[in-house]
Amino acid sequence: MDARDARQRLDLDLPALPGSAPRARYAIRAAIAAITLDLGAVDLAVSEAVTNAVIHAYRDRDPADEPGRVRVTLDVDDDGVWIVVSDRGVGLSPRPDSPGLGLGLQVITDVCDELRIDQRTDGTSVRMRFRSRPDPETTQGW
């Protein structure tokens, strides 16, 4: 995607708390209301990515400290959308004490059209691509 062709529609800075997953999901839904996408796939992927950041990114912090942050951006282009969920946490690493089943990234991979994970020393970005789908009301199957 050429950044000049994209029109950013959303930029959220959320606390790394459980309530941020539904906040991100609802904000994304509102921003893509006029675009024909697989909304179930978008909802699931955004929920998984934000939840992963909330649960795993800041596991090294003392619970009494301020929560870390999760950034969610949405870029719209002619072919669909890119949604990026990023944090400034400890990054991806094996976690024997994981509270989850370890299936989040696989679920995201299964429901989005493209997935890019950027792991840095100062956090992780999960970049998800969802392509526009033909609108069934305007597409005729002759």
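Taking the criterion of being closer than 14 Å to ILE83 by Cβ and either surrounded by fewer than 17 Cβ atoms within 10 Å (Cβ to Cβ) or of a type in the set (Gly, Ala, Ser) (or both), the residues of the range 44-69 that qualify are ALA45, SER47, ALA49, ALA53. If we scan the range 42-64, do we find a residue that is under 21 Å from ILE117 (Cβ atoms), assigned to a helix (DSSP H, G or I), more than 9 Å from the chain's Cα centre (by Cα) and polar (S, T, N, Q)? Yes, because at least one residue in the range 42-64 is under 21 Å from ILE117 (Cβ atoms), assigned to a helix (DSSP H, G or I), more than 9 Å from the chain's Cα centre (by Cα) and polar (S, T, N, Q). Within the range 43-71, the residues that satisfy the criterion of being β-branched (Val, Ile, Thr) and at pLDDT below 95 are THR51, VAL54, ILE55.
Cβ-Cβ contacts under 8 Å between residues 6 or more apart (or on different chains), taken from a first residue in the range 28-39 that is in contact (Cβ under 8 Å) with a residue 24 or more places away in the chain to a second residue that is surrounded by 16 or more Cβ atoms within 10 Å (Cβ to Cβ) and of a type in the set (Lys, Arg), are listed as ALA31/ARG9; ILE32/ARG9. Of the residues in the range 65-73, at least one is in contact (Cβ under 8 Å) with a residue 24 or more places away in the chain, assigned to a loop (DSSP other than H, G, I, E, B) and among the small types (Gly, Ala, Ser).
Restricting the range 77-116 to residues that are hydrophobic (A, V, I, L, M, F, W, C) and at pLDDT 95 or above leaves a set whose member that is surrounded by the most Cβ atoms within 10 Å (Cβ to Cβ) is VAL85. Considering (1) at pLDDT below 95; (2) crowded, with 17+ Cβ neighbours inside 10 Å; (3) not aliphatic (A, V, I, L, M), the lone condition that THR36 does not fulfil carries the number (2).
The values are calculated or read from the model by the stated rules, or taken from the named source; none is laboratory data. None of these values were measured; they are calculated from a predicted model. Backbone-built Cβ (ideal geometry, glycine too); neighbour counts: all protein chains shown.
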